[in-house]
Amino acid sequence: MNELGVGVIGLGYFGARHARLYAQHPAAKLVAVCDKNPDAAAAVASATGAEAHAEFTELLARADIEAVSICLPDRLHEEAAVAAVRAGKAILLEKPMAHDTATAGRIAAAVEESGARLMVGHILRFDPRYVQVHEAVAPERLGEVIHLRAKRNGIRSTARRLGPASSILFYMGVHDIDAMQWIARSRISRVYAQKREVLGTGNEDALYAVVNFENGAIGSIDYSWAWPDGLMNGFRAALEVVGTRAATYLDVTDQGFYAVSDAGTIGGDTHLWPEINGRITGDLADEIDHFVTATRDGTPYLQPWQEAFDAIPVLDALAHSAASGKSVTVQR
């Protein structure tokens, strides 16, 4: 089969990695990349052999591009995603789908009206640890879900870097909302959240919540961007699920790799997007491979975009609850 012609819109931390992964994929051809920053666009184009554009409209107008990755900040997703839909491109949209339910709904409406192909980049769907938890808690093994607990903590410099451009919920928390609903086989229906803001980063320092699922399960969520920057790997995450027959848990506080010197101990990425022998591997590489293969072959994406959409009303409800101090019903 012919190579899938691909473009990448937005060349920040993730967009640059998307571009490299397409460039190294045997069934894809990275045709063009786009960023408002001409230096970023030129650097990625030079490294990958792609052409550089300053405006995504120029990239989307190209007939030799069949699919695009959109890796812009979440508040900029709508314009680019709707334009890509109208241009007839298959879309890999980095998570979250959008920064609020109303915006996600407009993207969804454009997709439904046109029949465009959309995949949202929820990387935990490609993380073997989370996939094995999902399999381990199948109803025939777990029984009825009693409770779930998700933890995702990061460092304060990330909150400072993003500032008001994103939030602890939409940048980081969306991972666990999607994972919890997927693993519980049930949607979250009601939330009660509290938050703390004392470090002056322009973002929440911590947010804790209790959530109710439609199947009767209860859950707890522990989010923090208050850890000092010395936290190994820059993040800690955990998940546990307890049912009437069995239970399962995972802890990704570290990646299983340590380098020790007199200055201290550091870790490294062995799962998400590690660079091994000059190539990006791991969960992100598997995600890109799935998008390329399924798009080229016309097969369904692993996660229907409707499930990715389902996380956004929960995030809105958590934000409203944390602001009001009251429990909030999720509005879908």
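Things worth noting here:
- Accessible-area composition of the stretch 116-170, carbon plus sulfur, in percent [1.4 Å probe]: 55
- Over all Cα atoms in the chain, the spread is summed up by Rg and Dmax: 19.8, 60 Å.
- Acute angle (nearest 10 degrees) that the helix 13-24 long axis makes with the longest principal axis of the chain, alpha-carbon atoms: 50
- Rg(Cα) / (2.2 N^0.38 Å) computed for the stretch 1-121, rounded to two decimals: 0.98
- Straightening the chain between Arg279 and His320 buys 10.6 nm, computed as 0.36 nm per residue apart minus the Cα-Cα spacing.
- Considering only the stretch 1-152, percent of DSSP beta bridges that pair antiparallel, nearest 5: 0
- Estimated dipole of the stretch 1-103 in Debye, rounded to 20 [Cβ of Lys and Arg +1, of Asp and Glu -1, Cα centre]: 220
- Part-to-part distance (alpha-carbon centres) for the stretch 159-183 and the stretch 33-110, which is given in Å: 20
- In the stretch 212-260, chymotrypsin sites (Phe, Trp or Tyr not before Pro) in a DSSP loop with at most 16 other beta-carbon atoms within 10 Å: Phe257
- If both residues of a DSSP beta bridge must be in the chain, then about 55% of such bridges are antiparallel.
- Cα extents of the stretch 1-42 along the three principal axes, largest first (Å): 34, 15, 13
- Cα-based Lys pair tally, the chain, threshold under 22 Å, eight or more apart or on separate chains: 7
- Average Cα contact separation per residue, the chain, under 8 Å, 6 or more apart, as relative contact order %: 18
- Virtual spin-label span in nm between Ser46 and Ala263, 7 Å along Cα→Cβ: 2.7
- Charge dipole magnitude, Cβ of K and R +1, D and E -1 - the chain, Cα centre, debye nearest 20: 560
- Counting only protein heavy atoms and a 1.4 Å probe, the chain has 44 square angstrom of accessible area per residue.
- In the chain, the longest principal axis of the Cα atoms and the axis of helix 305-324 are about 50 degrees apart.
- Normalised by 2.2 N^0.38 Å, where N counts its residues, the alpha-carbon radius of gyration of the stretch 181-314 equals 1.32.
- Loop-resident sites, the stretch 78-177, for trypsin sites (Lys or Arg not before Pro), counting at most 14 other Cβ within 10 Å (DSSP): none
- Computed over the stretch 180-332, relative contact order equals 24 percent, with contacts defined as Cα pairs under 8 Å that lie 6+ residues apart.
- Among Ser46, Ser224, Ser167, the largest mean-square fluctuation in a Gaussian network model of the chain, built with springs joining Cα atoms closer than 10 Å, belongs to Ser46.
- As a ratio to 2.2 N^0.38 Å, the alpha-carbon radius of gyration computed for the stretch 180-257 takes the value 1.31.
- The tail of the calculated P(r) for the stretch 120-170 beyond 15 Å holds 66 percent of all Cα-Cα pairs.
- In the chain, helices alone account for a calculated mean residue ellipticity at 222 nm of -10500 deg cm²/dmol, with every DSSP H run of four or more residues adding -39,500 (n - 2.57).
- Sparse-neighbour loop sites [trypsin sites (Lys or Arg not before Pro); the stretch 245-324; at most 12 other C-beta within 10 Å; DSSP]: Arg245
The values are calculated or read from the model by the stated rules, or taken from the named source; none is laboratory data. Because the structure is a prediction, the values reported are computed rather than measured. Note that each Cβ is placed from the backbone with ideal geometry, even for glycine, and that neighbours are counted across all protein chains shown. For the accessible areas, the whole protein counts, side chains as well, though only heavy atoms, and no ligand, DNA or RNA atoms are used. Shrake-Rupley method; radii C 1.70, N 1.55, O 1.52, S 1.80 Å.
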